Amino acid sequence: MPRVFSGIQPSGSLHVGNYLGAVRQWARTQHQDALYCVVDLHALTLDIDPADLRRRTIDTAIGLIASGLDPDVCTLFLQSHVPEHTELSWLLECTASYGELRRMTQFKEKGAGQESVRASLLTYPVLMAADILLYDTSLVPVGDDQRQHLELARDLAIRFNGRYGETFVVPEAQVPAVGSRVMDLQEPGRKMSKSAGSDLGRISITDPPEEISRKVRRAVTDTEGTVRYDPADKPGVSNLLELLAAVSGERPEVLARRYTTYSALKKDVADGLVELLAPLRARVRELSRDPGEVAAILEKGAARARALAEPTLSRARAAVGLTPR
Ligand code: AMP
Ligand code: TRP
């Protein structure tokens, strides 16, 4: 059975982009020997308050369980609980080149305009490659924004294997056909994200129904007045159609023909999202009342993950010529 692995930043509560672009797929692939990880070490590449990090890490784990990840079916854990990730990351840093890391879009975007950039922001995708390669992963379900990082993970695996002999499985990205790039409702030229944009542009899986409706109603469209799926010319309307497509399973082009006004489209998008997210929101509330249960799930997950990670790391250590311990 192909091994599945994916990771998510500890941003706190998940937004609709995370859910439709990634986590909903994770719930579908969890039966195929899957591991899902909250990448708390990755969060340290940017300035984050320690108490915030702690809280958001648990909230993210809660969001994943609420989104349908069943800890009895898949392995759910925190990256920092499995120290093999950072050790393998070092071996892969000795495989990656400065030039290829400097060219990563996310590095250029997050580093732009900063007077000081943490070294770890540059090496971030190498740690991500270590996350993936550590588990002999074949499939990595992610949103569109992670394609370039996945390509790097593949390059590093191939280069390492070429240099030291077959050690790693070369992974493949799995990007959903619709919902892979949910845009900000206020600035439809930018993807929906926790770290940028206003609250109004982002729908969280824990937003109450009236909040979801308000945000969709206020979503930026255009002045043309006709409903058409055309992401380049009509990013706002197209984003709404994509959201509806992701909710209903129909194609955005087909859905577009059913609407003559933006307000009717918005009403259906809002209703669809409210219905989709209601059970998730209820489950978040339940789990938040029981931090002990969440901690136990993560502890069990880390133990399972370590058992899988250790042999891969030993193989990589031996391949590069480190003396066995
Ligand atoms: P992050 O919160 O950046 O760690 O992202 C977690 C997962 O959600 C990754 O697989 C991303 O590709 C995906 N994702 C994040 N933002 C979006 C978005 N706006 N649309 C679709 N997928 C997204
Ligand atoms: N970089 C990913 C993001 O920002 C998160 C991530 C870290 C990840 N390690 C991973 C995703 C391994 C997939 C596999 O969304």
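Here's the yes/no breakdown for (1) in the same structural domain as residue 34 (by TED's automatic domain parsing); (2) away from ligand 2 (no atom under 15 Å from the Cβ); (3) of a type in the set (Ser, Thr, Tyr):
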site	(1), (2), (3)
158	yes, yes, no
171	yes, no, no
175	yes, no, no
206	no, yes, yes
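Considering only residues that are more than 6 Å from ligand 1 (Cβ to nearest atom), within 10 Å of the chain's Cα centre (by Cα) and among the hydrophobic types (A, V, I, L, M, F, W, C), which ones fall in region 1-19?
14
Would you check if residue 34 is at pLDDT 95 or above, away from ligand 1 (no atom under 11 Å from the Cβ) and open to solvent by less than 10 Å² (accessible area, probe 1.4 Å)?
Yes: the conditions hold for residue 34.
Could you give every pair whose Cβ atoms fall below 6 Å, whose first residue belongs to region 265-278 and is closer than 11 Å to residue 244 by Cβ, and whose second residue is assigned to a helix (DSSP H, G or I) and polar (S, T, N, Q), counting only separations of at least 6 or pairs across chains?
270/213
Quick grid of which residues meet (1) assigned to a helix (DSSP H, G or I); (2) more than 16 Å from ligand 1 (Cβ to nearest atom):
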site: 147; (1), (2): yes, no
site: 153; (1), (2): yes, no
site: 159; (1), (2): yes, yes
site: 178; (1), (2): no, no
site: 181; (1), (2): no, no
site: 185; (1), (2): no, no
site: 211; (1), (2): yes, yes
site: 228; (1), (2): no, yes
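When you scan region 252-325 for helices (runs of 4 or more DSSP H) that lie fully inside it, which ones turn up with 2 or more residues that are among the basic types (Lys, Arg) and outside the structural domain of residue 132 (by TED's automatic domain parsing)?
In region 252-325, the matching helices (runs of 4 or more DSSP H) lie at 262-288.
List, please: which pairs have Cβ atoms under 6 Å, are six or more places apart or on different chains, and start with a residue in region 7-28 that is under 11 Å from residue 142 (Cα atoms) and end with one that is near ligand 1 (Cβ under 7 Å from one of its atoms) and open to solvent by 20 Å² or more (accessible area, probe 1.4 Å)?
Here the result reads 21/180, each pair linking region 7-28 to a residue that is near ligand 1 (Cβ under 7 Å from one of its atoms) and open to solvent by 20 Å² or more (accessible area, probe 1.4 Å).
Let me confirm something: among 322, 298, which residue is aliphatic (A, V, I, L, M) and without any contact (Cβ under 8 Å) to a residue 24 or more places away in the chain?
Unique residue meeting the criteria: 322.
Taking interchain pairs and intrachain pairs at least six residues apart, which have beta carbon atoms under 7 angstrom, with the first residue in region 251-262 and within 10 Å of residue 226 (Cα to Cα) and the second part of a helix (DSSP H, G or I)?
Hits for this filter: 256/241; 259/265; 262/237.
When you check residue 101 against the structure, is it hydrophobic (A, V, I, L, M, F, W, C), surrounded by 21 or more Cβ atoms within 10 Å (Cβ to Cβ) and within 14 Å of ligand 2 (Cβ to nearest atom), yes or no?
The answer is no for residue 101.
Could you tell me which of the residues 204, 213 is more than 30 Å from residue 319 (Cα to Cα), within 23 Å of the chain's Cα centre (by Cα) and among the polar types (S, T, N, Q)?
Checking each option against the conditions leaves just 204.
The values are calculated or read from the model by the stated rules, or taken from the named source; none is laboratory data. The structure presented is a predicted model; accordingly, all values stated were derived computationally and were not measured. Cβ coordinates were reconstructed from backbone atoms using ideal geometry, including for glycine residues, and neighbour counts include every protein chain displayed. Quick note on the areas: whole protein, heavy atoms, side chains included, nothing else; ligands and nucleic acids left out. Shrake-Rupley method; radii C 1.70, N 1.55, O 1.52, S 1.80 Å.
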